[in-house]
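Quick notes on the structure that follows.
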Amino acid sequence: MVDVLTSIHGMEVGLDGDRNLVVGGKKVTDISAEVGAKNGATVVETTLVDGVFRKVKLTCSTTPIVITDDPGVAQYGGVKVYDFPAGLLNFQGAVIDGSLTIDDTEMTDAFDGDVALGTATATTGSTLTGTEADLLQSTALTQAVAQVANCDAITIATALTESGARWLDGTTTAKDMYINFVIDDGAAHITGTGSFTGTIEFVYCILGDN
């Protein structure tokens, strides 16, 4: 027996005998704990919940990134922007639309590099691989002008050999999202600072936890 409270789009909404919310004859389970959270004071989050899926838009405003020099190899940096909830993460894909600005007179004005999204921050080396890029693969930046490089990227799967989604085990430790950068090496490049301004949009759901 359901105590009907109202009707939305023709579906009855009410409470059953155990005070569970019932919509259209189906009990609604509280899955609010399966929503993550943005990281950092310069990041603003907007989340749309549609059933088990979450569509997140992170708006970054001059989000700081420390650029570290790996002498003779490359320069790299990354920053955490999102904390996923615990559980088996089904990551559907992402879109980056923004720019990387380097605030260092020692950096080449027309630098080249790459951007990626990963569950770990960038480390030494000239490429973004493994957990540095397991959410969105390494994608080339547009060559910088006056130390500002456009970084537009989308998740791309290898046709016929790879699913467009990712399954990542966050059941023991919840996964994080980092935006990572690598900059092609230059003799004048040193450790410095940079920032990302733009948006990161992605869709995910949590398949369960144990």
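The values are calculated or read from the model by the stated rules, or taken from the named source; none is laboratory data. These numbers were taken from a predicted model, which means no experiment stands behind them. Here the Cβ is made from the backbone with ideal geometry for all residues, glycine too, and neighbour counts use every protein chain on show.
Numbers below:
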{"item": "Residue in the range 163-193 that is modelled with the highest pLDDT, counting only those that are in contact with a Ser or Thr (Cβ under 6 Å, 6 or more places away or on another chain) and under 19 Å from Thr101 (Cα atoms)", "result": "Tyr178"}
{"item": "When residues of the range 117-171 are limited to those that are touching a strand residue (DSSP E or B) at 6+ places or on another chain (Cβ under 7 Å) and of a type in the set (D, E, K, R), the one farthest from Phe181 (Cα to Cα)", "result": "Asp169"}
{"item": "Residue check for Val148: within 12 Å of the chain's Cα centre (by Cα) and either buried (at least 16 other Cβ atoms within 10 Å of the Cβ) or more than 23 Å from Thr47 (Cα to Cα) (or both)", "result": "no"}
{"item": "Criterion violated by Ile67 - all others in (1) surrounded by fewer than 22 Cβ atoms within 10 Å (Cβ to Cβ); (2) at pLDDT below 95 satisfied", "result": "(1)"}
{"item": "Some residue of the range 148-156 being in contact (Cβ under 8 Å) with a residue 24 or more places away in the chain and under 21 Å from Val52 (Cβ atoms)", "result": "yes"}
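To keep it simple, each residue is scored yes or no on (1) among the basic types (Lys, Arg); (2) under 19 Å from Thr119 (Cα atoms); (3) surrounded by fewer than 16 Cβ atoms within 10 Å (Cβ to Cβ).
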| residue | (1), (2), (3) |
| --- | --- |
| Gly51 | no, no, yes |
| Arg54 | yes, yes, no |
| Thr59 | no, yes, no |
| Thr63 | no, yes, no |
| Gly72 | no, no, yes |
| Val81 | no, yes, no |
| Phe84 | no, yes, no |
| Leu89 | no, yes, no |
